[in-house]
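What follows is one structure encoded as structure tokens, with my remarks underneath.
The values are calculated or read from the model by the stated rules, or taken from the named source; none is laboratory data. Please read these numbers as outputs of a predicted model, since none were measured by experiment. Neighbour counts are summed over all protein chains in view; Cβ atoms, including those assigned to glycine, are modelled from backbone coordinates with ideal geometry.
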Amino acid sequence: MKEKFYITTAIAYASRKPHIGNTYEAILADSIARYKRKQDYDVYFLTGTDEHGQKIENYAKEAGIAPKQYVDNVAGVIRGIWDKMNVSYTKFIRTTDDYHETAVAHIFKKLYDKGDIYKSEYEGWYCEPDEAFLTDTQVVDGKCPDCGRPVKRMKEESYFFRMSAYSDRLMKYIEDHPDFIEPEARKKEMVNNFLKPGLQDLCVSRTSFKWGVPVSFDDKHVIYVWIDALSNYITALGYDPEKPESELYLKNWPADVHIIGKDIIRFHTIYWPIILMALDLPLPKKVLGHPWLLFGIDKMSKSRGNTIYADDLADYIGVDAVREYVLAEMPYLNDGSITYESIIARYNSDLANTLGNLVNRTLAMTNKYFGGAVPKANAYDEIDESLVKSVADSYDAMKSQMDSYHVADAVDTVFGVFRRANKYIDETAPWALAKLEDKSRLETVIYNLLETIRCGAVMLEPFMPSTSAEILKQLGTEADGYEFGGLESGKNIGTPAVLFARLDEEKALSDLKPAEKPVVPKPDDCEEPVGIEDFGKIELRTAQILECEAVPKAKKLLKLKVDLGYEQRQVVSGIAKSYKPEELIGKKIVLVANLKPAVICGVESNGMIIASGENDKIKVVFLDEDTPLGQRIH
């Protein structure tokens, strides 16, 4: 019987289309799952979508549709991207699946009946974009420590989970299982920043919105994300505390590894293990917190205009090229980086030159010198033996790296095989050997090149499955073993085809980069700066809000960065009681463009936003999305 291997991703939040940094996680987990299958494991690979919560309820309301219809659409988009990126999941769970919602309600009731959940009242900080409750020590300058956006004070009746009762037990478990949290730096962060200072009980229900799993014995409450979303790892296997343990659950649980982003590692290494302890269930064997994929040095954000989508990129450079980039560029511990320039550079270097050119010219020499038949290998010299040893060592290194989840290193090791083959061509000069009457040496060289490519293609499969299959097809073989010597001499190779055509950098950048906004010349009819008393001279212009955040210690004020087309400015506006910062980003507004600069609560303001009303009933004047920037309003 095969040994089981259960791997999961975090389930993607079904609020918006995921960018390439989110998609990376699914590709990463897929590469590990494919590798484990190749190692003859019985792999169960779970991914899916998290579909409840206040944010989704709000988005659905804005869209004028029911929450279920909204998440059906977004979940379809997410699953479509996963499928397009060749993610070989076993199951795609949705937290709106009936069996999941039923099991979650039963889990909540079981914890309540045990006395681990109790009713009280929450008063404290809340980050609505992240749907996260925060303590005074976690809030930094009035902002969420994870997303950096302003938090608000709130009071709400809630049910709480007794996290504090399990703190010592979890600490001992982590001490007894040193590989439970990886990388090591993430473990130290969890222990030092959260466990040692002491855990507070966790809010696990909400009454301020309805889009969630109802608490079965108190329908005023819905079950909050921690129990709902995290439980997917066991409900997907058929776990339900009110039913006998399913065969699928008994076979696969505990998970061998949860693949998650570093921003949610606290939930998976503190909340989730304690929930499992309270349910008397085994803990996962490992939680791997991967870093972020940044756009250059910045976190991806729609408001910053630096978001790249994997499916869009794949339409231009191909699915496997996207997979190779994100896997190779993401280190084990530190954040990775993506820019359009680096995408093109890696594509041309790794794929077009190192791999594509190697395969193309080796097959071309096989056709030219041996009529397309695989030659036999004859006596080996030191150069040949060095090549064969290099291939074997590369497989050993790749296996060690994949077993420890150092995937970027493993990708580099595999491309090292192809680089070594290119070096072997330079060392042996097959074109010179072809001029000799005795073709035995040329036979050995061409065979070794073909076989090195075959071994490299087999090692490449977890990362670039379609490319691996295409290379083996062009070699005319189905031999998928790692050991050198799998190619059958005398058998004809397949039809050569270009794997990766080199990209013209200038054209590719033009095609890939979003269209830049046209430069709007500064109008020459600007009035001189005037005071508010000279309202008749006021200069009104169209502008777009790029960034927005609360002004510290000022309940009514928001600080905005606005774009006039010809310049960008900072503006302070007293609209905080009527609008949340994230609601304003991207909106086009009317700006008093020639108001004298003023300092408000220590923040400089260069303009005024046109709005009506007062106090907490202010309405900003919004313009149509296609309104040109910098246009004067008369």
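Take the residues in region 2-50 that are touching a Lys or Arg at 6+ places or on another chain (Cβ under 7 Å) and among the charged types (D, E, K, R), then tell me which one is surrounded by the fewest Cβ atoms within 10 Å (Cβ to Cβ).
Among those that are touching a Lys or Arg at 6+ places or on another chain (Cβ under 7 Å) and among the charged types (D, E, K, R), it is 40.
Hey, could you check region 78-113 for residues that are of a type in the set (D, E, K, R) and in contact with a Leu (Cβ under 9 Å, 6 or more places away or on another chain) and say which is surrounded by the fewest Cβ atoms within 10 Å (Cβ to Cβ)?
Filtering first and then ranking leaves 91.
Identify the single condition in (1) in contact with a strand residue (DSSP E or B) (Cβ under 7 Å, 6 or more places away or on another chain); (2) surrounded by 17 or more Cβ atoms within 10 Å (Cβ to Cβ) that residue 603 does not satisfy, given that it satisfies every other one.
For residue 603, the exception is condition (2).
Can you name the residue in region 145-187 that is β-branched (Val, Ile, Thr) and farther than 20 Å from residue 206 by Cα and, of all such residues, is surrounded by the fewest Cβ atoms within 10 Å (Cβ to Cβ)?
Checked region 145-187; the qualifying residue surrounded by the fewest Cβ atoms within 10 Å (Cβ to Cβ) is 174.
Quick check on region 521-536. Is at least one of its residues at pLDDT 90 or above and either assigned to a loop (DSSP other than H, G, I, E, B) or not assigned by TED's automatic domain parsing to the domain that holds residue 585 (or both)?
no
Could you tell me how many of the residues in region 324-355 are of a type in the set (A, V, I, L, M) and within 14 Å of residue 508 (Cβ to Cβ)?
5
Working only within region 232-282, note down all residues that are under 14 Å from residue 107 (Cβ atoms), touching a Phe, Trp or Tyr at 6+ places or on another chain (Cβ under 8 Å), among the aliphatic types (A, V, I, L, M) and part of a loop (DSSP other than H, G, I, E, B).
The answer is 237, 281.
May I ask you to list the residues in region 333-355 that are over 14 Å from the mean Cα position of the chain (by Cα) and in a loop (DSSP other than H, G, I, E, B)?
Of everything in region 333-355, those that are over 14 Å from the mean Cα position of the chain (by Cα) and in a loop (DSSP other than H, G, I, E, B) turn out to be 333, 334, 339.
List pairs: first in region 219-245 and on the phi > 0 side of the Ramachandran plot, second assigned to a loop (DSSP other than H, G, I, E, B) and among the small types (Gly, Ala, Ser), Cβ under 7 Å, 6+ apart or cross-chain?
Going by the 7 Å Cβ cut-off, the qualifying pairs are 238/246.
How about region 495-506: which of its residues are loosely packed, with under 14 Cβ neighbours inside 10 Å and under 27 Å from residue 474 (Cβ atoms)?
If the condition is that a residue be loosely packed, with under 14 Cβ neighbours inside 10 Å and under 27 Å from residue 474 (Cβ atoms), then 495, 497, 498, 501, 504 are the ones that fit.
Using beta carbons and a limit of 8 Å, which pairs, at least six apart or on different chains, have the first residue in region 400-415 and more than 17 Å from residue 320 (Cα to Cα) and the second one not in a helix (DSSP H, G or I)?
Short answer, once both residue conditions are applied: 402/462; 405/182; 405/257; 405/288; 405/332; 406/332; 409/332.
Scan region 440-468 and report the pairs whose first residue is within 19 Å of residue 33 (Cβ to Cβ) and whose second residue is surrounded by fewer than 21 Cβ atoms within 10 Å (Cβ to Cβ) and among the aromatic types (Phe, Trp, Tyr), with Cβ atoms within less than 9 Å and a gap of 6+ or a chain change.
Filtered contacts from region 440-468: 458/395; 458/482; 459/395; 459/482.
If we scan region 304-319, do we find a residue that is in contact with a Leu (Cβ under 7 Å, 6 or more places away or on another chain), surrounded by 15 or more Cβ atoms within 10 Å (Cβ to Cβ) and of a type in the set (D, E, K, R)?
no
What number of residues within region 169-209 satisfy the criterion of being farther than 18 Å from residue 333 by Cα, free of Cβ contacts under 8 Å to residues at least 60 places away in the same chain and within 25 Å of the chain's Cα centre (by Cα)?
Qualifying residue count for the region: 1.
Where in region 373-474 are the helices (runs of 4 or more DSSP H), entirely inside, with at least 1 residues that are surrounded by fewer than 23 Cβ atoms within 10 Å (Cβ to Cβ), over 32 Å from the mean Cα position of the chain (by Cα) and of a type in the set (S, T, N, Q)?
Correct list: 382-403, 407-428, 440-460.
Just to be sure before I move on: is residue 137 of a type in the set (S, T, N, Q) and either at pLDDT below 95 or over 24 Å from the mean Cα position of the chain (by Cα) (or both) in the structure I sent?
yes
Could you run through region 424-436 and say how many residues are over 17 Å from residue 368 (Cβ atoms) and free of Cβ contacts under 8 Å to residues at least 24 places away in the same chain?
Residues that pass the stated criteria total 1.
In region 129-144, what residues are charged (D, E, K, R) and either crowded, with 18+ Cβ neighbours inside 10 Å or without any contact (Cβ under 8 Å) to a residue 60 or more places away in the chain (or both)?
130, 131, 136, 143
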